[in-house]
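Report on one structure; see the data block that follows.
The values are calculated or read from the model by the stated rules, or taken from the named source; none is laboratory data. What you are looking at is a predicted structure, and each value in this text was computed from that prediction instead of being measured. We work out accessible area using only protein heavy atoms, side chains counted, and drop any ligands, DNA or RNA first. Shrake-Rupley method; radii C 1.70, N 1.55, O 1.52, S 1.80 Å.
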Amino acid sequence: MSSQRLIGHPNSPKIDDHEVNGLLGTPDSLAYKVNEIERHVHSYERAFEIATVPNGEIHVADRIGDGNGAFQADAGNDDWGTWLQVVGSGDTPVISGKKFFNFHRISVTAVQRSLSVHFMQMGFGDSGAEALSLGNTTEMPPYKPQSVNAEPYPLIVQGRRKIAGTKVWIRIKIPGQVSGTFDFYPAIHEYEG
């Protein structure tokens, strides 16, 4: 069948001709996925810093401008450092009515070990160790800051959407170093459905 016969044929409507209801529609449908991509590119971003008054694993992050400064992860002795919680179970949703979020970027403000390669893992779940064992982690490409003041550009995070209330953990490794701090502000996007 030629494409000429399909154009405008009443039994073969184009996707463009159908209305969609985006992320409130059928999960995994084409319309749903296109709307999710659109939301990721054109959405509001929310950044965090350490909570001024933390509450266990429930509240660890305040919005930037309301908190207690940058998060600081520390590498282990030529190994991964301990998992640092950066989002508590009560820290999302930030925007009322949002049901999901995904990490978008991390802005690094300072490091202890300039000119050293930094590896970073981010885990999603009740603990970093659980996230790692279940495969609920994402990794950033190696980062090699040229000074202790780090670089002025953010590190992009690639990962799946998570249900609001999911805890988030980060750890770093600096190969060949006995330790090394890594100061940063994380940022997320949120989705309604």
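Below, the figures for the structure above:
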quantity: Per residue Cα convex hull volume in Å³ - calculated over region 70-193; calculated: 91 Å³
quantity: Descending semi-axes in Å of region 95-149, equivalent ellipsoid built from Cα gyration tensor; calculated: 27, 17, 9
quantity: Residues with amide H under 5 Å from that of A150, placed H, sequence gap 5 or more; calculated: V111
quantity: Across K33/K162; K33/K98; K98/K173; K33/K99; K33/K173, pairs whose alpha-carbon gap is larger than 26 Å; calculated: K98/K173; K33/K173
quantity: Accessible area of region 68-165 divided out per residue, in Å², using a probe of 1.4 angstrom; calculated: 50 Å²
quantity: Integer Hz, Karplus 6.51/-1.76/1.60 couplings in order for region 77-91, x for Gly and Pro; calculated: 7, 6, 7, 5, x, 6, 5, 10, 7, 10, 9, x, 5, x, 7
quantity: Cut-off under 5 Å, modelled amide H: who pairs with R105 long-range; calculated: V157, A187
quantity: Ranked order, Y44, Y143, Y185 - accessible area, probe 1.4 Å, largest first; calculated: Y44, Y185, Y143
